[in-house]
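Please treat every number below as a calculation from the coordinates, not as lab data. Model, not experiment: these values are computed from the prediction. All Cβ positions, even for glycine, are placed from backbone atoms using ideal geometry, and neighbour counts span all protein chains on display.
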Amino acid sequence: MGVTGDAVEEFERHRSKLFGLAYRMLGSAEETEGVVQDAFLRSHRASALSGAKPRS
């Protein structure tokens, strides 16, 4: 179950908003980056297992 180009494009469209929200909650850019990437991987796995496509 690899990450597709479409999934990466979708993530990149929302990355700055996700980063901003997580940064306001955590206050650390390094920790925020890890949380945002983890959220992407979890979302991708959940979508792949359910067969659903993420909504824009």
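Close amide H contacts of Val3 (hydrogens built in the peptide plane, cut-off under 5 Å, sequence separation of 5 or more or a different chain): none are found. Each peptide among 19-31, 35-47 gets the average number of other Cβ atoms lying within 10 Å of its residues, and from highest to lowest they stand as 35-47, 19-31.
Counting only DSSP H runs of at least 4 residues, each contributing -39500 (n - 2.57), and dividing by the residue count of the chain, the helix-based mean residue ellipticity at 222 nm comes to -27500 deg cm²/dmol. What is the helix-to-structure angle for 29-50, meaning the angle in degrees between its Cα long axis and the longest Cα principal axis of the chain, kept from 0 to 90 and rounded to the nearest 10? Tilt of helix 29-50: around 20 degrees. Report the calculated FRET efficiency for Ala29 and Leu49 (r = Cβ-Cβ distance, R0 = 30 Å), to the nearest 0.05. The value I calculate is 0.45.
Rank Ser50, Ser16, Thr32 by how far each Cα sits towards the positive end of the charge dipole of the chain (+1 on Lys, Arg Cβ; -1 on Asp, Glu Cβ) and give me just the farthest. The listed residue farthest towards the positive side: Ser50.
Find the percent of Cα-Cα distances in the chain that exceed 17 Å, and round it to a whole number. Considering the chain, 38 percent of its Cα-Cα pairs are separated by more than 17 Å.
Relative to the longest principal axis of the Cα atoms of the chain, helix 5-26 runs at roughly 30 degrees.
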